[in-house]
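The values are calculated or read from the model by the stated rules, or taken from the named source; none is laboratory data. Just so we're clear, the structure is a prediction, and the values are computed from it rather than from any experiment. Here the Cβ positions follow ideal geometry from the backbone for every residue, glycine too, while neighbour counts run over all protein chains shown. The area values use the complete protein model at the heavy-atom level, side chains included, leaving out ligands, DNA and RNA. Shrake-Rupley method; radii C 1.70, N 1.55, O 1.52, S 1.80 Å.
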Amino acid sequence: MDNAQRRHRATGVETGPLVFSQQPAPYDNLRHRLNAAYREDEAAAIDGLLEVATFDEAARRRIRRRARELVAHVRARRQQTGGIDAFMSEYDLSSQEGIVLMCMAEALLRIPDAETADKLIRDKISVANWEEHLGGSDSLFVNASTWGLLLTGRVVNLDRTWRDDVARGIGKLITRAGEPIIRQAMTQAMRIMGRQFVMGRTIDEALERARDSENRGYRHSYDMLGEAARTMADADGYMAAYEGAIARVGASTVEDDAFAKPSISVKLSALHPRYELAQADRVMAELAPRLLELSRLARQHGIALTVDAEEADRLDLSLDVFAWVAADESLKGWDGLGLAVQAYQKRAIRLIDWLAELAAEQGRRLPVRLVKGAYWDTEVKRTQEQGLDGYPVFTRKPSTDVSYIACATKLLGQPKVFYPQFATHNAQSLATILTLAEGRRDFEFQRLHGMGEALYEKIIGDETLGLSCRVYAPVGSHEHLLAYLVRRLLENGANTSFVNRIVDDDLPLDVMVVDPADQVRHAEPRAHPAIPLPQDLFGPERKNARGIDLADREVLMKLAQDMEAAAAKPRAFFRSGPNRSCGKGIAGCARGSAWRT
Ligand code: FAD
């Protein structure tokens, strides 16, 4: 019996001497170029973009003036609007309370029983000084959240002396009231925050709530809260939720303009529990048809559908799914199928080239939502853990900003194939796009529900500009909110984040409003020096273990070839067994001569 027969008997796969059940298909030219940039050298990647994101002095002046006006406006309005930025300023992640809050929120999501939740609260909450935050912000929202954290409705109703006493230390509260009360308080706080960040608990509630902002000129894209499906039952649940939402959103609109219509945002990870390259066959056979079904439904109900961008190692596969769906005859001529592109990925600009070609070939205009990317910490950490050659994302924040502007320029430069959608809460990025797209209306901005209100109200309210903004509107109950919320808070709590910096009144306008291309040009080295390449993570002491990037199809193809070649050679064998041959066990034998090829 030869190797192939043996494998067939063991696995049931009739593939001759192949090492994978199916060889990955080679890329076409643009996909190959896209993939070559996956973990490209950072200096090369950013230097290639600098020129596109550099403007003449007149344009720079206009951008600066606009950005300064926007920052000043947001700062002035902040006190009245409250919301996430005020919350972040009170509970920023450099404070002990901010960290405790996030840890707890994140952990409570996973703790199924009350007893363990109470133990966690006892352990964590007593180390923080919540009372210091009481009245610490002018925002009603923040104070309400603080009270929610401190007290349940029951305790709030108690007399003032007791309340002050309670406010003096959460430790005392635990002693007097016990952890169950804090647990309820946390739930209460999550409800308050839920109302802030979630459009509605159900799609009907969200549609009702959106009416007011529609009247103020906003469009909406509805997103079903929840993270990646873990089981097929989860995926079925999300599929049903998306189907229901598409029908309800479709029924709610009479809009004619294809790009002004409300839309739905879909996460591919919600539609299949094994949305990963190693399961590419299943993904194409089971997930892609689901996206096609949702797209057909969206078309039928007269609304648009955008595929959200997720982790970098899913991008390649998502493009296969997207291209397959887009090519379907039933969607021919439909301009409603859109994709989100993350500018923090080194591949972003090449992805836009690929999308342009796809759209041109199919004779359609693609709505492309340009974002910076929500998983930065995860991408860096995962790459380090896996010991891969380079990061898929830039490591300096201004590089992401430059990439964003370079991608925006490319999108705006091809109006036949793109309907650009610029999703940002950054006044500098916004002012740059306003300047790049001066006098044009064939694009839209996007913001998240509960964020960026003050930033956009001036632009959307200005009839001479005639610009549009779509609100990304999460829908779901507060139990499903936490992961989304934690992502938002972590991201915006980072001291590089614009939303975080804008609330710091000590930061002068000149520091807030800076051309990222200038920052990149002055950044030496181009990659962040505090974020070494994964190989150098442990310094000169030792090299990090090197991993194989199993999310890179070209690496997989090479691996398959090497394994083929190895399998074709005469097989290694163990001449006489580890114990009998040398008596040193496997390690000793391996060092010695018992292994032969
Ligand atoms: P900024 O403060 O200017 O930028 C913050 C961003 O910079 C971070 O999110 C990160 O991307 C990047 N960054 C931070 N530190 C560094 C560093 N050291 N090096 C390099 N880059 C760094 N995100 C998704 O991933 N997928 C989506 O589908 C998606 N949909 C969105 C839809 C809407 C309507 C909006 C508004 C956002 C969406 N996001 C999505 C989130 C988005 O990616 C950004 O995280 C968020 O909007 C912050 O970007 P900003 O321009 O508003 O803020």
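Can you name every residue in region 428-443 that is within 13 Å of the ligand (Cβ to nearest atom) and over 20 Å from the mean Cα position of the chain (by Cα)?
Going through region 428-443, the residues within 13 Å of the ligand (Cβ to nearest atom) turn out to be 428-433.
Result: Q428, A431, T432, I433.
Could you tell me how many of the residues in region 498-553 are free of Cβ contacts under 8 Å to residues at least 12 places away in the same chain, under 21 Å from G452 (Cα atoms) and within 24 Å of the chain's Cα centre (by Cα)?
Result for region 498-553: 1.
V393 passes all but one of (1) at pLDDT below 95; (2) within 23 Å of N29 (Cα to Cα); which number fails?
Failing condition for V393: (1).
Which condition number does S497 fail, the rest of (1) among the hydroxyl-bearing types (S, T, Y); (2) at pLDDT below 85; (3) more than 13 Å from the ligand (Cβ to nearest atom) being met?
(3)
Tally time: how many residues in region 453-464 are open to solvent by 20 Å² or more (accessible area, probe 1.4 Å) and either near the ligand (Cβ under 10 Å from one of its atoms) or within 21 Å of P367 (Cα to Cα) (or both)?
Restricting attention to region 453-464, the residues satisfying the condition of being open to solvent by 20 Å² or more (accessible area, probe 1.4 Å) are 453, 457-458, 460-464.
Now narrow it down to the ones that are either near the ligand (Cβ under 10 Å from one of its atoms) or within 21 Å of P367 (Cα to Cα) (or both): 460.
Of the residues in region 453-464, 1 are open to solvent by 20 Å² or more (accessible area, probe 1.4 Å) and either near the ligand (Cβ under 10 Å from one of its atoms) or within 21 Å of P367 (Cα to Cα) (or both).
Across region 546-567, what is the total count of residues that are part of a helix (DSSP H, G or I) and not aliphatic (A, V, I, L, M)?
If we filter region 546-567 for residues that are part of a helix (DSSP H, G or I), which is where we start, we get 553-567.
If we keep only those that are not aliphatic (A, V, I, L, M) too, we end up with 553-554, 558, 561-562, 564.
Qualifying residue count for the region: 6.
For the subset of region 393-402 comprising residues that are in a helix (DSSP H, G or I) and not basic (K, R), which member is farthest from the ligand (Cβ to nearest atom)?
V402
Would you call A298 more than 18 Å from the chain's Cα centre (by Cα), within 16 Å of the ligand (Cβ to nearest atom) and closer than 30 Å to R211 by Cα?
Values: more than 18 Å from the chain's Cα centre (by Cα): yes; within 16 Å of the ligand (Cβ to nearest atom): no; closer than 30 Å to R211 by Cα: yes.
Judged against the criteria, A298 is not a match.
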